[in-house]
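Report on one structure; see the data block that follows.
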Amino acid sequence: MLGPEDRARLDALFERMRVSNDISMGYPAAKDFDYRDLYRFLQFPVNNIGDPFADATYRVETREFEREVVAFFAELFRAPRDDWWGYVTNGGTEGNLYGLYLAREMLPNGMVYYSEQTHYSVAKNLHFLGMRHITIRSLPSGEIDYEDLRETLKIHRDVPPIIFANIGTTMTEARDDVRRIIHMMDELAIRQRYVHSDAALSGGYAGFLHPRPSYDFEDGADSVAVSGHKFLGAPIPCGVVVARKRNVSRIARAIDYIGSLDTTISGSRNGITPLMLWYRIQELGVAGIRKRIEHSLELAGHLVDRLQRASIDAWRNPNAITVVFPPPSPALRAKWQLATAGSISHAIVLPNVTREQVDALADDLIADVQSKEATWKIFG
Ligand SMILES: *Cc1c(COP(=O)(O)O)cnc(C)c1O
């Protein structure tokens, strides 16, 4: 039993988190989940150690549910029927690391290409893996500059390319067009290649958008990573990576100690997050997921409209739930926990966000600009 002081500290922490959670709109974490049904599983030392598709000696595990989660995403990502594999990761970063790891095993001399707008964790992953890489320019939207990519691929035609495609960049939710990149490599007669799609946020709904972004296995990707705590929502960071099975077979090693295959990055693996993702998928179904993205898209459009009508230079990429605008005052950035990079800030209109919250944010941003203009008048 904890003493009263420690209890009071926990209560204070709970209250601080509750208040902060209510008003954050700058980071991609959906909040509309309720996993109370699963709390009882926290009494077990759950561990999905080893391969989700292979038997293991340790039986306090949720592999059966993990396999269903991976199968759901494999279908959403249109993976080839008998040639996919995957697991529930600790987040998008691990899924991306896994994709790059497979790419390196396939093409040990490969060169990784990614755009300037790539997530900060990717450079670190490449450093871990000791992979050579080239940064490609980004277009103002945040999408990769296809001309710069073509020119660079042309110069290095003797080195097999590994394309790290962004399916929703962190700041502007821009999506690189995988089919277009594949076509480009075909034209350059580059046959040995690997494409990984980083769909951390957008992977949860890209398959339901019209037009459908070009990012998945049928479009030419060899692996796709998505975060679970972003669009679907979870209290513990998590994600899913799906890859071609025959590529994974090349790295699998049987380990006597765990009675399983060592195909994943971590040894011990989270058995609770697969249960949460499974629960979320069952509860929402495809119809529920569609409804959530439609809600977000509509409200993101509404936010852009309101800001533009007030002459604020706000915009969003096609079918994006991320709304971009010039950075407001530090006080407002702190209040709404708005991420800012260079000359832009953004708000992410996740499915839990209500029209009232969007209007409150718009009111604040508009008042902020007006007070800045008033200051310019006084001092100008
Ligand atoms: C969030 C994000 C990541 C990292 O995902 P985590 O789940 O935080 O590890 C990678 N790439 C992009 C584009 C992201 O937005």
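For segment 36-281, give me the percentage of DSSP beta bridges that are antiparallel, rounded to the nearest 5 percent.
Restricted to segment 36-281, the bridges split so that about 50 percent are antiparallel.
Segment 1-125: Rg/Rh from Cα coordinates, Kirkwood Rh?
1.05
Rounded if a/c is under 1.5, else prolate if a/b beats b/c, else oblate: with a ≥ b ≥ c from the C-alpha gyration tensor eigenvalues square-rooted, which is the chain?
oblate
Rank ILE49, VAL304, ALA165 by how far each Cα sits towards the positive end of the charge dipole of the chain (+1 on Lys, Arg Cβ; -1 on Asp, Glu Cβ) and give me just the farthest.
ILE49
Could you work out the Rg to Rh ratio of segment 141-197, with Rh taken as the Kirkwood radius (inverse of the mean 1/r over all Cα pairs)?
0.97
Please list log₁₀ I(q)/I(0) at q = 0.14, 0.21 Å⁻¹ for segment 60-156, using the Debye equation with identical point scatterers on the alpha-carbon positions.
-0.70, -1.16
Whole-Hz Karplus ³J(HN,Hα) for segment 337-351, in order, using 6.51 cos²θ - 1.76 cosθ + 1.60 and θ = phi - 60°, x for Gly and Pro?
Running phi through 6.51 cos²θ - 1.76 cosθ + 1.60 with θ = phi - 60° gives 6, 8, 5, 9, 9, x, 9, 9, 10, 8, 10, 10, 8, 6, x Hz.
At 15 angstrom or more along the helix axis (alpha-carbon based) and mean Kyte-Doolittle of -0.5 or higher, what helices does the chain contain? Whole DSSP H runs only.
In the chain, the long hydrophobic H runs are 63-76, 92-106, 272-309, 355-379.
With just the Cα atoms defining each centre, how far is segment 82-141 from segment 293-364? Give it in Å.
With segment 82-141 and segment 293-364 each reduced to a Cα centre, they are spaced 29 Å.
Run lengths n ≥ 4 of DSSP H only: what is the helix-derived mean residue ellipticity at 222 nm for the chain, with -39500 (n - 2.57) per run over all residues, to the nearest 500?
-13000 deg cm²/dmol
May I have the convex hull volume per residue, in Å³, for the Cα set of segment 270-380?
In segment 270-380, the Cα hull volume divided by residue count equals 131 Å³.
Would you mind calculating the gained length between ALA287 and ASN21 on full extension (0.36 nm times residue separation, minus the Cα-Cα distance), in nm to one decimal?
Length difference between fully extended and current span is 93.1 nm.
For segment 80-214, would you read off the P(r) tail past 28 Å as a percentage of all alpha carbon pairs?
Considering segment 80-214, 11 percent of its Cα-Cα pairs are separated by more than 28 Å.
Given N residues in segment 337-380, what is Rg(Cα) / (2.2 N^0.38 Å)?
Rg over 2.2 N^0.38 Å, computed on Cα atoms: 1.45.
In segment 85-124, whose amide N lies under 13 Å from the spot 7 Å out along Cα-to-Cβ of ARG137? List them in ranges.
116
Filter the cross-link list LYS291/LYS335; LYS31/LYS372; LYS230/LYS335; LYS154/LYS230 down to pairs whose alpha-carbon distance in this structure exceeds 25 Å.
Going by Cα-Cα distance, LYS291/LYS335; LYS31/LYS372; LYS154/LYS230 fall outside the 25 Å limit.
Please give the FRET efficiency for ALA374 paired with ASP256, using the beta carbon to beta carbon distance and R0 = 56 Å, rounded to the nearest 0.05.
0.15
What is the extension gain from PHE14 to ARG150, computed as 0.36 nm multiplied by their sequence separation minus the C-alpha to C-alpha distance, in nm to one decimal?
43.8 nm
For segment 36-281, give the magnitude of the charge dipole about the Cα centre (Cβ charges: +1 Lys/Arg, -1 Asp/Glu; no others), in debye to the nearest 20.
My answer is approximately 280 debye.
Using amide H atoms built 1.01 Å from N in the peptide plane, name the residues 5+ places from ILE134, or on other chains, whose amide H lies under 5 Å from its own.
VAL112, TYR113, TYR114
Determine the shape class of segment 204-354: with a ≥ b ≥ c the square roots of the Cα gyration tensor eigenvalues, call it rounded for a/c under 1.5, and otherwise prolate if a/b is greater than b/c, oblate otherwise.
prolate
Bear in mind these aren't lab numbers, they're just calculated from the coordinates by the rules spelled out. Please read these numbers as outputs of a predicted model, since none were measured by experiment. Backbone-built Cβ (ideal geometry, glycine too); neighbour counts: all protein chains shown.
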